[in-house]
Amino acid sequence: MTRTVKQAEHARKRTEILDAAQRLVQTQGFMQMSIQDLLDELDISKGAFYHYFDSKAALLEGLAERMCDGVVEILTAVVDTPDFSALEKFNRFFAELGRWKG
């Protein structure tokens, strides 16, 4: 019998893992953070982690995608605002980018 994956539950757990990983990366750094640190933080098994991510590199890719999606959303909102002139969009774009990087 094949296993069925509940998409909403899968997405929620994956987000939970990414949230914890992001906190650990911010406090420890990615290279210093171990998968075991993440497992301890979440109180999950290695098997549970590897169900969502194939490796630590895949986790990093997930974090990078999440960050890129976030900044794209912020910057798109600035660019798509019809009330801003081109110069105002330009200035706000880089102001938001700087805030995001900070």
* To do: Say whether the condition of being open to solvent by less than 50 Å² (accessible area, probe 1.4 Å) and at pLDDT 90 or above is met by at least one residue in segment 85-94.
  => no
* Asked: Applying the selection to segment 30-51, what residues are in a loop (DSSP other than H, G, I, E, B) and among the polar types (S, T, N, Q)?
  -> GLN32, SER34, SER45
* Name, by its number, the condition in (1) in a helix (DSSP H, G or I); (2) in contact with a helix residue (DSSP H, G or I) (Cβ under 8 Å, 6 or more places away or on another chain); (3) open to solvent by less than 60 Å² (accessible area, probe 1.4 Å) that does not hold for ARG66. => (3)
* **Residue within segment 72-81 that is touching a Phe, Trp or Tyr at 6+ places or on another chain (Cβ under 8 Å) and under 30 Å from GLU9 (Cα atoms) present** => yes
* **Residues within segment 84-102 that are part of a loop (DSSP other than H, G, I, E, B) and under 30 Å from ILE35 (Cα atoms), tallied** => 1
* Structure fact -> Those residues of segment 43-63 that are surrounded by 12 or more Cβ atoms within 10 Å (Cβ to Cβ), of a type in the set (Asp, Glu) and more than 13 Å from LEU18 (Cβ to Cβ) come to a total of 0
* Of the residues THR15, THR81, THR76, which is free of Cβ contacts under 8 Å to residues at least 60 places away in the same chain, in a loop (DSSP other than H, G, I, E, B), surrounded by 10 or more Cβ atoms within 10 Å (Cβ to Cβ) and among the polar types (S, T, N, Q)? -> THR81
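The values are calculated or read from the model by the stated rules, or taken from the named source; none is laboratory data. Keep in mind the model is a prediction, meaning the values are calculated, not measured. All Cβ positions, even for glycine, are placed from backbone atoms using ideal geometry, and neighbour counts span all protein chains on display. Side chains are part of the model used for accessible areas, which takes the heavy atoms of the whole protein and leaves out ligands, DNA and RNA. Shrake-Rupley method; radii C 1.70, N 1.55, O 1.52, S 1.80 Å.
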